[in-house]
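S.K.: One structure follows; several queries about it will come next.
The values are calculated or read from the model by the stated rules, or taken from the named source; none is laboratory data. A quick note: this is a predicted structure, and the numbers were derived from the prediction, not measured. With ideal geometry, Cβ positions are generated from the backbone for all residues, glycine too; neighbour counts draw on all protein chains shown. What goes into the accessible areas is simple: the full protein's heavy atoms, side chains included, and nothing from ligands, DNA or RNA. Shrake-Rupley method; radii C 1.70, N 1.55, O 1.52, S 1.80 Å.
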Amino acid sequence: PFRSGTTFLQELLAAPPHRRTMTLFESVVPEVSLLWSWCLLPLFRFITWCAGSVNEFHRMPWDWNFPGEDDVALHGYQCAADVIRAFQFPSEHAQWLDRFLLLADDKDRQRWQRGHRHLFKVVAWKARGRQVVLKSPPNSARIAQLHALYPGARFIHIHRDPHQVLPS
């Protein structure tokens, strides 16, 4: 079955030549992608081709140019835990969601804001004047923080039937 469509929407919004979204490669190695993508991206492609890698999450062949998510990049860049831990440790569910999704603690929120600003600068530099399109579902809970960081930003909220989304 097909997935629910947020990544497709991300691709659609970033398709015009005056826009750009971050790639999977950039979300996995955001800092390295600035200077070393010219040699590392072909190497990563070769390795995944040799391994016969498949993007199981999206049920398609692996593609390093596939749209990436800022949340993935931030957690890798900051070496921080993420909201996924709430599902891995259900007994601590509320604690993980408060810390890494809702950013309830000032220290966690400030760290996230610093990291997001830095990441956005990296993505904007690679965009070379094009409008940046970011997509990360956990950011739905961080609209206030994102609006504070980027007052001119526009947000798109899509509503889907949870019974159809959950299996995707």
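S.K.: If Lys and Arg each add +1 and Asp and Glu each add -1, what is the summed charge of the other residues whose beta carbon sits under 13 Å from the beta carbon of residue 32?
M.R.: It works out to a net charge of -1.
S.K.: Let me ask something additional. Just tell me the longest site-free run in the chain, where the sites are trypsin sites (Lys or Arg not before Pro) in a DSSP loop having at most 12 other beta-carbon atoms within 10 Å.
M.R.: Working: sites that count: 59, 128, 154, 160.
Here the longest segment lacking exposed loop sites spans 60-127.
S.K.: Would you rank 62, 112, 36 by solvent-accessible area, highest first, keeping every protein chain in place and using a 1.4 Å probe? Write down the numbers at each step before the final one.
M.R.: Numbers: 62 85, 112 10, 36 130 Å².
Putting 62, 112, 36 in descending order of accessible area: 36, 62, 112.
S.K.: Taking K and R as +1 and D and E as -1, what net charge do the other residues with C-beta under 14 Å from the C-beta of residue 53 add up to?
M.R.: Working: positive: 45, 59; negative: 56, 63.
So the environment of residue 53 carries a net charge of 0.
S.K.: With every protein chain present, what accessible area does residue 134 have (1.4 Å probe, heavy atoms only), rounded to the nearest 10 Å²?
M.R.: Its heavy atoms expose roughly 60 Å² to the probe.
S.K.: In terms of solvent-accessible area of protein heavy atoms at a 1.4 angstrom probe, what is the ranking of 39, 50, highest value first?
M.R.: Values: 39 45, 50 80 Å².
Sorted by accessible area, descending: 50, 39.
S.K.: Further, regarding this structure: Using helices alone, what [θ] at 222 nm do you get for the chain, with -39,500 (n - 2.57) per DSSP H run of 4 or more residues, divided over all residues and rounded to the nearest 500? Could the numbers behind the result be given before it?
M.R.: Details: 9 runs with 90 residues, N = 168.
The helix contribution divided over the chain gives -15500 deg cm²/dmol.
S.K.: In units of 2.2 N^0.38 Å, what is the alpha-carbon radius of gyration of the chain? Before the final figure, lay out the partial values.
M.R.: Numbers: Rg = 16.5 Å, N = 168, 2.2 N^0.38 = 15.4 Å.
After normalising by residue count via 2.2 N^0.38 Å, the value is 1.07.
S.K.: Before anything else, pin down the relative contact order of the chain: Cα pairs under 8 Å, at least 6 apart, normalised by residue count, whole percent. The partial results should precede the final answer.
M.R.: Details: 170 pairs, mean separation 52.3, N = 168.
Computed value for the chain: 31 percent relative contact order.
S.K.: Within 15 Å, Cβ to Cβ, of residue 134, how many net charges do the neighbouring residues add up to if Lys/Arg are +1 and Asp/Glu are -1? Please report the intermediate quantities before stating the final value.
M.R.: Numbers: positive: 19, 20, 117, 121, 126, 130, 135, 142, 154; negative: 11, 26, 69, 70, 71.
Net local charge, residue 134 excluded: +4.
S.K.: Keeping every protein chain in place, order 159, 93, 116 by accessible area at 1.4 Å, biggest value first, i.e. largest first. Mind showing how you got there, number by number?
M.R.: Details: 159 160, 93 70, 116 5 Å².
Output order, biggest surface exposure first: 159, 93, 116.
S.K.: Quick one: pull the percent of accessible area on the chain belonging to carbon and sulfur, 1.4 Å probe, ligands and nucleic acids left out. Don't skip to the answer; put the middle values down first.
M.R.: Values: 6780 of 10740 Å².
About 63 percent, which is the carbon plus sulfur part of the accessible surface.
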